[in-house]
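Have a look at the structure below, then the notes.
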Amino acid sequence: MLDDIDHETVIYPPGATILEEGDSTDDVILISEGTAKVVAGASELDLAQVSTGDWIGEVSALAGGRRTATVIAETRVVCHRFTGDAFEEMLDANPAFAEAVMSQAAHRLERRHLLAFLERLLGHLDASIIADFEEATEWINLRAGETLFQRGDTADAGYFLISGRLQEFTPDIDGEMMASRDITRDEIVGEIGLFRDEPRETTVVAGRDSRLVKIDLSDFLLLANRHPAVLVPVVAGLARRRPNPKRVNRQRTISVCVAADVDSRLFTSRLVEEIGRLGTTAHLWAARVDAMLGRAGVAQAPHGAPGDARVAELIHEHELDHTYLVCEAERRASEWTERVARQADWVVAVIDPDADDAAIETIDRFFGAASPRTTRVLVMIHPSGTERPANTRAAVAPWKPDHIVHVRTGSGPDIGRLSRILAGHATALVLGGGGARGFAHIGVWRAAHELGIPIDLVGGSSMGSPLGAGIAVDYPLDQVTEYVSELYAGVIDYTIPVVSLARGEQLTRSIETALGDWDFEDLWRPFFCMSTNITQATEVVHDSGGVARAVRASVSIPGVYPPVAFGDDLHVDGGVLNNLPGDIMRKRHPTATIIGVDVAPPRGPGARGDDPALSVSGWQALRSAASKKRNEHPGIAAMLMRTMITASVRQRKRSVERGDFDLYLDLDLRGIPLLDFDLALQVAPMGYEAAMPRLEAWLSERDED
């Protein structure tokens, strides 16, 4: 076989360097006579000895990149040196030979990664530590989405993460498993299992393709007895552990698949440019990976091949060096497209509203390759000047994405909003209930706009819902105050109070006029609102389907307006259980900057006399009102409103104390009657005046940080 392939015969004296670590050549060498040692790393530890019949340099030839080790002649060494192309010709001609060489290359690359890990972990190494580690440990390869261990499992082993990323999940106060931290390279996972058998307290899942070494409790104790230095980083890891941090790290990998009728490279580059304003950002695509590793087609290396590990390492190094890594998938089915879907924290599919079958199939494959726990974002591209999206709900039904973002071609604000959402730097506005005092939200929005604070996400409850929906629809700011004033004038259409004080007809008409047939999925800004299901006694988050009906339910003050039916259940005002849903926004967007606007009265109605009567005459109260005398009892409207939000006061307090809000604006709007909805023109400027100085001070503090 060798006689048919071009090669060069080279003789090296003892001590000569045959291959140099870090060199970029792709020559492959067959040793025909003599012995040599393979060393690597700053410690120049011996990795192996090679002799007659062994191949060296095959890792770089197969996987690309620079040399991973240095080879030094111990005796006189006679070698046959082949170019990378000639070596590839041999592999193609002999499949059995190719399989054996690739297996050898994968094993050598594995050992090199273990050595690099141990050097980072322990610093100084010797050959005995490497040998003992290899004997004690077992390699574990996890695909994105696979579970390492679950809460309740017996903790009988620990794991060292060599490459990739894991996510740890812990139960919140309601028992729901929530992501508590990201585990990155060189961290120790499940280290409690290295000291005693106890049930696991958390669940750990691969956030992307990951490689670990597992060590059982008994083997670890033996290893620690021989090499006590191993205990230091393990104990240090335990000491540094901070369970249940409030925020997940913003650092993330974002994979983008453009199936829309736009230039993929141009769109992704524009997105990278915008994300780059928020942190250091790298952009990888298949051809660029091939060029960086100096090996055509290596980006398409299948799972388990030497090139697979090299590409994974390249991606990982870019993750370590940058806050954000944007990987551009291909529109066709390929190993690269599946890889970047598995390697991402967020997968982003870009599609036209009228996508054809080919585009739909592309997104099916892309989303299908990602881990079930990966955040899925669907970006709808619209022509420049589009007034409103339509029929998005039906278009996205096959995928059920976590987030939908609409982008008009050439729109800087739209691509900016998308980039902030993807980078975890979105600004969210959460608007609470408080009757007519809710018109102050318009002033807060205006103040934020003037200060250059972009509002990317909106959530609301009670009166915060219709005004939040107006922001999500993107009504012109200079028109919204007068528009809302006209719409909400006279919305309490009193009736015989059998079911409620008001018929609700005028309120329904106003909301439907303002929001028409908008679906949540069509809104320019992602939006949700709250209602209370009094049939099931639960809070409900509305984020899909018709906006108008959900908003109408969210403002149905019990006793003032009739409840709204959803199926067999009745819904009333969201303020009954959650009047300021910062907790909901925080769960949906853990790293967003959340501004909560609380317009509820700080205190409820009090007694208006030394000893108000234990019974009251409605006629007497009416005469007192007519004669403008002070009534000993608060009005029914104030009682209903305050009673409604009393149940949610504790929830709001917990949310504030927990840190759900980055800025909590509790606006003092005393003197504004809760149900006087004719005061929009008066209340909106009050909100502006109250919010502006606090927003300015907050921005100044952030700039100093």
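The values are calculated or read from the model by the stated rules, or taken from the named source; none is laboratory data. Please read all numbers here as calculations on a predicted model, not as lab measurements. Cβ atoms come from the backbone with ideal geometry, glycine included; neighbour counts cover every protein chain shown. Ligands, DNA and RNA are stripped out before the accessible areas are found, and what is left, the full protein with its side chains, is counted by its heavy atoms. Shrake-Rupley method; radii C 1.70, N 1.55, O 1.52, S 1.80 Å.
Check whether at least one residue in the stretch 676-691 is open to solvent by 30 Å² or more (accessible area, probe 1.4 Å), assigned to a loop (DSSP other than H, G, I, E, B) and not aliphatic (A, V, I, L, M), and report yes or no.
Yes, some residue in the stretch 676-691 is open to solvent by 30 Å² or more (accessible area, probe 1.4 Å), assigned to a loop (DSSP other than H, G, I, E, B) and not aliphatic (A, V, I, L, M).
Can you tell me how many residues within the stretch 392-401 are touching a helix residue (DSSP H, G or I) at 6+ places or on another chain (Cβ under 8 Å) and surrounded by fewer than 18 Cβ atoms within 10 Å (Cβ to Cβ)?
Residues meeting the conditions: 2.
Let's see how each residue does on (1) touching a helix residue (DSSP H, G or I) at 6+ places or on another chain (Cβ under 7 Å); (2) open to solvent by less than 10 Å² (accessible area, probe 1.4 Å); (3) among the β-branched types (Val, Ile, Thr):
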{"position": "Leu278", "(1), (2), (3)": "yes, no, no"}
{"position": "Gly307", "(1), (2), (3)": "yes, yes, no"}
{"position": "Val311", "(1), (2), (3)": "yes, yes, yes"}
{"position": "Leu314", "(1), (2), (3)": "yes, no, no"}
{"position": "Leu325", "(1), (2), (3)": "yes, yes, no"}
{"position": "Trp336", "(1), (2), (3)": "yes, yes, no"}
{"position": "Val348", "(1), (2), (3)": "yes, yes, yes"}
{"position": "Ala369", "(1), (2), (3)": "yes, no, no"}
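Does the stretch 508-516 contain any residue that is open to solvent by 40 Å² or more (accessible area, probe 1.4 Å), part of a loop (DSSP other than H, G, I, E, B) and of a type in the set (Ser, Thr, Tyr)?
no
Search the stretch 469-489 for residues that are closer than 17 Å to Pro454 by Cβ and pair each with any residue that is in a helix (DSSP H, G or I) and open to solvent by 40 Å² or more (accessible area, probe 1.4 Å) when their beta-carbon atoms are under 7 Å apart and the residues are at least 6 apart or on different chains.
Tyr475/Tyr483; Leu477/Arg446; Leu477/His449
Among the residues of the stretch 406-420, write down those that are of a type in the set (A, V, I, L, M, F, W, C) and either surrounded by fewer than 23 Cβ atoms within 10 Å (Cβ to Cβ) or in a loop (DSSP other than H, G, I, E, B) (or both).
Result: Ile415, single match.
Would you check if Leu114 is in contact with a helix residue (DSSP H, G or I) (Cβ under 8 Å, 6 or more places away or on another chain), among the aliphatic types (A, V, I, L, M) and more than 26 Å from Ala61 (Cβ to Cβ)?
Details: in contact with a helix residue (DSSP H, G or I) (Cβ under 8 Å, 6 or more places away or on another chain): yes; among the aliphatic types (A, V, I, L, M): yes; more than 26 Å from Ala61 (Cβ to Cβ): no.
So Leu114 does not fit the description; no.
Report whether or not Leu320 is open to solvent by 50 Å² or more (accessible area, probe 1.4 Å) and either hydrophobic (A, V, I, L, M, F, W, C) or over 30 Å from Pro590 (Cα atoms) (or both).
Taking the combined requirement at face value, the residue satisfies it.
How many residues does the stretch 467-479 contain that are closer than 22 Å to Pro562 by Cβ and open to solvent by 10 Å² or more (accessible area, probe 1.4 Å)?
Looking only at that region, the number is 1.
Considering only the stretch 100-178, give the strands (runs of 3 or more DSSP E) lying wholly within it that have at least 2 residues that are small (Gly, Ala, Ser) and under 21 Å from Arg211 (Cα atoms).
Where strands (runs of 3 or more DSSP E) fall fully within the stretch 100-178 and carry at least 2 residues being small (Gly, Ala, Ser) and under 21 Å from Arg211 (Cα atoms), they are 157-163.
Look at Gly145 and say whether it is surrounded by fewer than 20 Cβ atoms within 10 Å (Cβ to Cβ) and in contact with a Pro (Cβ under 8 Å, 6 or more places away or on another chain).
Values: surrounded by fewer than 20 Cβ atoms within 10 Å (Cβ to Cβ): yes; in contact with a Pro (Cβ under 8 Å, 6 or more places away or on another chain): yes.
Yes.
Taking Met90 as meeting all but one of (1) in a loop (DSSP other than H, G, I, E, B); (2) over 41 Å from the mean Cα position of the chain (by Cα), write down the number of the exception.
Evaluating Met90 over (1) in a loop (DSSP other than H, G, I, E, B); (2) over 41 Å from the mean Cα position of the chain (by Cα) leaves (1) as the failure.
In this structure, is Ala436 assigned to a helix (DSSP H, G or I), of a type in the set (A, V, I, L, M) and over 26 Å from the mean Cα position of the chain (by Cα)?
yes
Condition check: within 22 Å of Leu695 (Cα to Cα) and in a helix (DSSP H, G or I). Does Leu429 satisfy that?
Spelling it out, it is not the case that Leu429 is within 22 Å of Leu695 (Cα to Cα) and in a helix (DSSP H, G or I).
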